[in-house]
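Before I ask anything, let me first share the structure, which is written out below as structure tokens.
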Amino acid sequence: MLFIVAPLLGMFVHTAVPELADTVGDQKVISSIRLTLWTSAGATLVFALLAIPFAYLLARYDFPLKRMVLAIVDVPVVIPHTAAGIAVLGVISRDTVAGKAASAVGLNLVGHPIGIALAMAFVSIPFLINAARDGFENVPVRLEQAAMNLGASPMRVFFSVSLPLAWRSIVGGMVMMFARGMSEFGAVVIVAYHPMVAPVLIYERFGAFGLDHARPVAVLFILVSLVFFVLLRLVSRSAYVQGRKHQ
Amino acid sequence: MFRVENISKSLGPFSLDEVSFRCAAGDYFVILGRSGAGKTLLLEIMAGIRSPDAGALILDQRDITSLRIQNRGVGLVFQDQAVFPHMSVAANLAFPLKRKGWGRSYIRRRIHQLAQTTGLEHLLDRFPSTLSGGEVQRAVLARTLASEPRLLLLDEPLNSLDVQYKRELQTLLSHLNQQGQTIIHVTHDYQEASALASKVAVMENGRIQQQGPLPEVFRNPASSFVAEFVGIRNFFRGNVENPPGGDHKIFRIRGSSLFFILPSHVPNSVASITLEAKNILLSRSRPDTSALNNFKGRVQQVIPASLGMEVVVDVGVTLAVLVTRESLSRLNVRKDQQVWVSFKASSINVGSSVGPDPV
């Protein structure tokens, strides 16, 4: 516990209030934090649309090589994040199919917020898939059968029974995915040094100006992250409490 | 009219073996069997949750065997209740109604109607986690009724309830049946069957052992399993003989040298008999009565029963005798004591005729 708290606390103690106030006024810092938040949120929301149905399939159906699929889902967590960045870059750079398709509509994914979001999603999506899968696995199959017996189509069963009952795990997974995406450095820096997300900016300040210049940015970003993290935890907790109440 | 024709299904070590029966519109059909006899699997096949390996299900002249679960018109009340925990009672009841595309005001009216029938009016806004077992069971029943099933399937619906709720729900079920709802109800409790059923089928190891109108099955069990299951303690297989020069016929019990004296009008084709435990007299010395059947035996067991005490006596075969607690203490009967049992020839119920031995 001390190991986690002490360095963070030390950082806060070493940061003077005027320094922090200057940082808040630094347009570059603010826009990078804003970029970080919305790319991560965008990545989470867009990929949730795919990850949630996929997690449902994993929870409900058996298919050949399912164990392998489950292992593959976890791969982004265990590989070095710079390597993950290289992998993402390999898919979106201009000479690939995806890159060419994007260029056709006038988009260069490398160095673009969409590229950043893809890098964030790549390393953080396992958190959402696994949490959602756990959530769906905990919904009794009996309830889905009962719903079908009462005349509901599979689609209606999913939206009116499975999804609401797994919701608290899904929201928890989305919070984790968002938080993980927001704090990602390694994969993002490979795909896009500019525009700078906050972790890259902190690294740049550290490299160019040293510890004293990097610290206030780090402190500010941690504060913003913590505020969001606590808020989202509260939201998922209320989903959790409601879920508990109904079970 | 619902017909189950030769339904077979293997599921791991367990299988249903050519199960067939007919259930007429308006019947209250009870399938009796121990847990593990295949009752739930059979219900799941009827509801379409599982598909059979072979056989057919015909509902109102239509083959529904491979019809989708949603379109069968068969409502199943699961044993584990399966109430939607994230919805109020009213929302649970509304669930099947919304599918039919009815207007809000109709749905509201219908919910209140159903709540009235099932005594849920004051609970409509509550969530299932705040309800008692009996209330949840009624909510689930009302929800299934809301889907207007042509056939209502009940899986041990009274199992988890205490005596008072049980009686309430029993009354409700027979009321629904009287209003024309066809019901198939599976249970392990023969008293439930005798209270509700118009027809029964007794199931053992994935097969139907015997089926028919309730009084017939309960009076003439086709096998010792059925007899035991429907609460008959004294069931014997054997054959009728005419001793030379006698006024009476005798029933020689299979696997024993023992025979009972029968009234002379009993047909020779009779292959099994039953004796009600309450029609057998117990005494310490040889009774001096007109009863023709008198046997000396040894008390094997004395068991409390709902209507007194059951004394199990070994007379060569075991006979269960029902006596009141007062008689028992007056006679001072204990385990391993020698006693006499006697019964009239006319108190023997003759069962089914000679046929293939079902067990």
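About its Cα centre, how strong a charge dipole does the protein assembly as shown have in debye, to the nearest 20, once Lys and Arg get +1 and Asp and Glu get -1 at the Cβ?
Values: 58 positive and 43 negative charges, 168 e Å.
With only Lys, Arg, Asp and Glu charged at Cβ, the dipole is about 800 debye.
Most exposed first by the Cβ proxy, i.e. fewest other Cβ within 10 Å, how do B:Leu59, B:Leu67 rank?
Working: B:Leu59 21, B:Leu67 15.
Neighbour counts put them in this order, fewest first: B:Leu67, B:Leu59.
Further question on the same structure: Express the relative contact order of the range A:37-118 as a whole percentage, based on alpha carbon pairs under 8 Å and six or more residues apart in sequence. It would help to have the intermediate numbers written out before the result.
On the way: 36 pairs, mean separation 25.7, N = 82.
The value is 31 percent.
In a Gaussian network model over chain A where Cα atoms closer than 10 Å are linked, find which of A:Arg60, A:Arg94, A:Arg142 has the largest mean-square fluctuation.
Comparing A:Arg60, A:Arg94, A:Arg142 in the GNM, the peak value goes to A:Arg142.
Right, something else. Computed over the Cα atoms, what is the radius of gyration of chain A divided by 2.2 N^0.38 Å, N being its residue count? List each step's numbers first, then the result.
Working: Rg = 20.7 Å, N = 247, 2.2 N^0.38 = 17.9 Å.
Against the empirical 2.2 N^0.38 Å value, I get 1.16 for chain A.
Could you tell me how far the Cα centroid of the range A:160-224 sits from the Cα centroid of the range B:229-295, in Å?
Cα centroid to Cα centroid, the span is 89 Å.
Sorted by packing (mean other beta-carbon atoms within 10 Å per residue), highest first, where do B:72-80, B:250-258, B:233-241 land? Write down the numbers at each step before the final one.
Details: B:72-80: 21.7, B:250-258: 14.9, B:233-241: 18.8.
Highest mean packing first, the order is B:72-80, B:233-241, B:250-258.
Shape verdict for the range B:158-242, please, from the Cα gyration tensor: rounded (a/c under 1.5), prolate (a/b greater than b/c) or oblate. All intermediate terms of the calculation are to be shown ahead of the outcome.
On the way: a/c = 2.40, a/b = 2.04, b/c = 1.18.
Prolate is the answer for the range B:158-242, as a/c is 1.5 or above and a/b outweighs b/c.
For A:Lys66, list the lysines whose Cα falls under 28 Å from its own Cα; do not include residues on the same chain fewer than 8 positions away.
B:Lys9
If you take the beta carbon distance between A:Phe63 and A:Val105 as r and set R0 to 35 Å, what does 1/(1 + (r/R0)^6) give as a FRET efficiency, to the nearest 0.05?
On the way: r = 35 Å, r/R0 = 0.99.
Efficiency at R0 = 35 Å is approximately 0.50.
Using 7 Å Cα-to-Cβ label points, what is the B:Ser264/A:Leu234 separation (nm, one decimal)?
Each label point lies 7 Å from its Cα, and together they span 9.8 nm.
Treat the count of other C-beta atoms within 10 Å as a stand-in for reagent exposure and order A:Glu19, A:Glu204 from fewest to most. Write out the running numbers ahead of the final one.
Details: A:Glu19 16, A:Glu204 19.
Listed from fewest to most nearby Cβ atoms, that is A:Glu19, A:Glu204.
A further question follows. As I understand it, the dipole of the protein assembly as shown uses +1 on the Cβ of Lys and Arg and -1 on the Cβ of Asp and Glu, about the Cα centre. Which of A:Ala117, A:Ala147, A:Ala71 lies farthest toward its positive end?
Of A:Ala117, A:Ala147, A:Ala71, it is A:Ala147.
Moving on to the next point. Please tell me the relative contact order of chain B in percent, rounded to the nearest whole number, where contacts are Cα pairs under 8 Å and at least six residues apart. Could the numbers behind the result be given before it?
On the way: 707 pairs, mean separation 56.3, N = 359.
The normalised contact order for chain B reaches 16 percent.
If you don't mind, another one. Which whole-number percentage describes the relative contact order of chain A, with Cα contacts under 8 Å and a sequence gap of 6 or more? Mind dumping the intermediate values first?
Working: 279 pairs, mean separation 70.9, N = 247.
Answer for chain A is 29 percent.
So, one more: Using +1 at the C-beta of Lys and Arg and -1 at the C-beta of Asp and Glu, which of A:Gly135, A:Ser160, A:Gly90 has the Cα lying farthest in the positive direction of the dipole of the range A:90-200?
A:Ser160
Under a 10 Å cutoff between Cα atoms, tell me which one of A:Tyr61, A:Tyr203, A:Tyr193 has the largest fluctuation in the Gaussian network model of chain A.
Its mean-square fluctuation being the largest, the pick is A:Tyr61.
Please work out the C-alpha center-to-center distance from the range B:185-203 to the range A:1-21 and express it in whole Å.
Between the Cα centre of the range B:185-203 and that of the range A:1-21, the gap is 74 Å.
Taking the Kirkwood radius as the inverse of the mean 1/r across Cα pairs, report the Rg/Rh of the range B:119-201.
Working: Rg = 12.8 Å, Rh = 13.5 Å.
Value, to two decimals: 0.95.
Going by the alpha-carbon gyration tensor, a ≥ b ≥ c the square roots of its eigenvalues, is the protein assembly as shown rounded (a/c under 1.5) or, if a/c is not under 1.5, prolate (a/b greater than b/c) versus oblate?
Details: a/c = 3.20, a/b = 2.84, b/c = 1.13.
Verdict is prolate for the protein assembly as shown.
With label points built 7 Å along Cα→Cβ from the Cα atoms of B:Thr324 and B:Val163, find their separation and express it in nm.
Placing both labels 7 Å beyond Cα along the Cβ direction yields 2.0 nm.
Considering only B:Gly103, B:Ala115, B:Val140, whose Cα is most displaced toward the positive end of the charge dipole of the range B:96-177, charges sitting on Cβ of Lys, Arg (+1) and Asp, Glu (-1)?
B:Gly103
Another question, if that's okay. Cut-off under 28 Å on the C-alpha distance; same-chain residues fewer than 8 positions from B:Lys344 excluded. Which lysines are left, in chain and number order?
Straight-distance partners of B:Lys344: B:Lys249, B:Lys278, B:Lys296, B:Lys335.
When you have a sec, figure out the Kirkwood radius of the range B:190-303 from all distinct Cα pair distances and drop it here in Å to one decimal? Let's see the in-between values first.
On the way: mean 1/r = 0.0615 Å⁻¹.
Radius from the Kirkwood sum: 16.3 Å.
Could you identify which residue out of B:Leu172, B:Leu152, B:Leu41 has the top mean-square fluctuation in a GNM of chain B using Cα springs shorter than 10 Å?
Checking each option, the largest mean-square fluctuation is seen for B:Leu172.
So for the pair A:Leu45, A:Ala208, with labels modelled 7 Å out along Cα→Cβ, what separation do we get in nm?
3.1 nm
Every number here is computed from the coordinates shown, using simple stated rules; none is lab data. In this text, all values refer to a predicted model and were calculated from it rather than measured experimentally. When we count neighbours, we look across all protein chains shown, and the Cβ atoms used for this are built from the backbone with ideal geometry, even at glycine.
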